[in-house]
Each structure stands twice: as C-alpha cells, then as structure tokens.
Amino acid sequence: MQHFFHDRARNEGKRVRTRSLLIDSAIALVAERGLLNTTVQELTRAAGLSNGTFYNHFDDREQLIREAATAIAIVLAEDIAERVQDVETGLGRIVISTDMFISRAAANREWGKMLSEASKNAFDMQLDFANNLLADIQVAIDQGAPLQVPDRFRLFQIGALMVLAVEAQLVGRRNKSINRDTCDAMLRLLGATPDQARDAVETYLS
C-alpha cells in the first residue's frame, strides 16, 4: 500500500495523520477490489485502526472515498498548475491540463482506479474534475478562442470524458491518441469546429 498522503501529513496533527492513513488505505483497497467489494472493516484493518476510529473521522465509506478522490484531484491540480503557469493562452492551458490530468492519473494505477470508482459512486465528482478547467476556458474565450462558457450538463460531459480517458489508459499499453482524442472531443463540446479542435491539439500536443 502506498503511503503518499500519510507521508505528506507527517508534520500535521494526529487527526490529520489518521485521516490520511485511512485515505491511503481506501485508495489501495478500492484500486484492488473496487468500491462495492471494500468494507469499512477491511479499510480500518488495512490502516491498522479500529472501526470506532473510522467513524470518528468519516460518516461512512462513501464519504471516505469521496475525500480520497478529492485529495488525489487536488494533488494533480497543483502539479498541473505548476506545469502550465507559463503557458500564455487559455486554449493551450486547457489542452495541456487535460493531457496531463489523464497521463498523471493513469501513471499511478491506484490513483486512476480511485478516481474512476469515485466518479461512478458520486457523479458530481466528474463535475469537480471539469470545474478545474473553467478559469482557463474563460481566459481562452477572452483571448478570442472560438469557445463557449459550458453549462452544468456540458461540464458533466467533459468530466466524464476525462474519467473515461483515464480508464482507457489503465487498460493495456498507454496510448497517446486517447489523450489527443479526448482533448479534441472536449474542445468540440466547448464549441470549436472539428478543424479548430484538431489544430489546437496539434499545436499544443505536438
């Protein structure tokens, strides 16, 4: 089992460290067995904690799963923000951020599986993933890119595309075309023509 979040919380208080240990446990077990086959008892046993300790921190298994997926998404968002901070165009930031989200999530199989399982259990997680792109979408529009501000349903579609791309990359060998096709489809959902979407992907993922 990876101890990424527990290690990050090394200098935090006991409560934060315990929550982080449960998050690491959830990520490992859900990746191995799936959400439906993972019980609270198994989660606490893997973390070396009691069931009572679990319920001191989380109301139920679903809350833990959501927090674990959110923790992963935050780390990915931080890494992506650092990578694109010098990219001047909103369009470039959208494409590069999406490509990096898929690649980084799929590179850590446990993280990718957790994001996938969490999005199936809580569909609004997909909305959370897509919301990270909203600021860059607005920048792109302000810069004259042929995009539209997405409504809630379109954001759900974009988030679903991101999750599906991660799932596809977890099966077999990595395929760069999956990332490129996902970026292309997202830009078209945002209002770009097929030619405009293709040109943007070619420009920023060449």
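No lab work stands behind these numbers, since they all come straight from the coordinates. A quick note: this is a predicted structure, and the numbers were derived from the prediction, not measured. For neighbour counting, all protein chains shown are included, and Cβ atoms are generated from backbone atoms with ideal geometry for every residue, glycine included.
Key figures
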quantity	calculated
Cα long-axis angle, helix 61-84 against the chain (0 to 90 degrees, to the nearest 10)	40
Rounded to whole Å, sorted largest first: equivalent-ellipsoid semi-axes of the stretch 138-196, Cα gyration tensor	24, 13, 8
On Cα atoms only, tilt of 90-107 relative to the major axis of the chain in degrees	40
About the Cα centre, charge dipole magnitude for the chain (Lys/Arg +1, Asp/Glu -1 at Cβ), debye	660
Neighbour-count ranking [beta-carbon atoms within 10 angstrom, fewest first] of 178, 158	178, 158
Residues with amide H under 5 Å from that of residue 174, placed H, sequence gap 5 or more	none
Global geometry of the stretch 99-206, whether rounded, prolate or oblate, following the gyration tensor of its Cα atoms and the 1.5 cut on a/c	oblate
Cα-based helix-to-principal-axis angle, 14-33 vs the chain, degrees rounded to 10	70
Answer label, with Rg/Rh (Cα atoms, Kirkwood Rh) calculated from the coordinates and candidates (i) 1.08; (ii) 0.98; (iii) 1.02	(iii)
The stretch 1-55-the stretch 157-204 distance, computed between alpha-carbon centres (Å)	33
Karplus 3J(HN,Hα) series, Hz, for the stretch 162-174 with 6.51 cos²θ - 1.76 cosθ + 1.60 (x for Gly, Pro)	4, 5, 4, 5, 4, 4, 5, 6, 7, 9, x, 7, 5
Gain upon complete extension [residue 40, residue 153; 0.36 nm per residue less C-alpha separation]	37.4 nm
Charge dipole (the chain, unit charges on Cβ, about Cα centre) - positive-most of 84, 30, 204	30
Selection from 56, 160, 94, by position along the positive dipole direction of the stretch 46-176 (Cβ)	160
Proxy reagent accessibility, fewest Cβ within 10 Å first, across 93, 66, 188	188, 66, 93
Long-range tail of P(r) for the stretch 1-78 (Cα pairs > 15 Å, %)	51
Sequence-separation-based contact order of the stretch 66-204, relative, with Cα cut under 8 Å and 6+ spacing, percent	29
Estimated inter-spin distance, residue 120 and residue 107, nm [label 7 Å along Cα→Cβ]	2.6
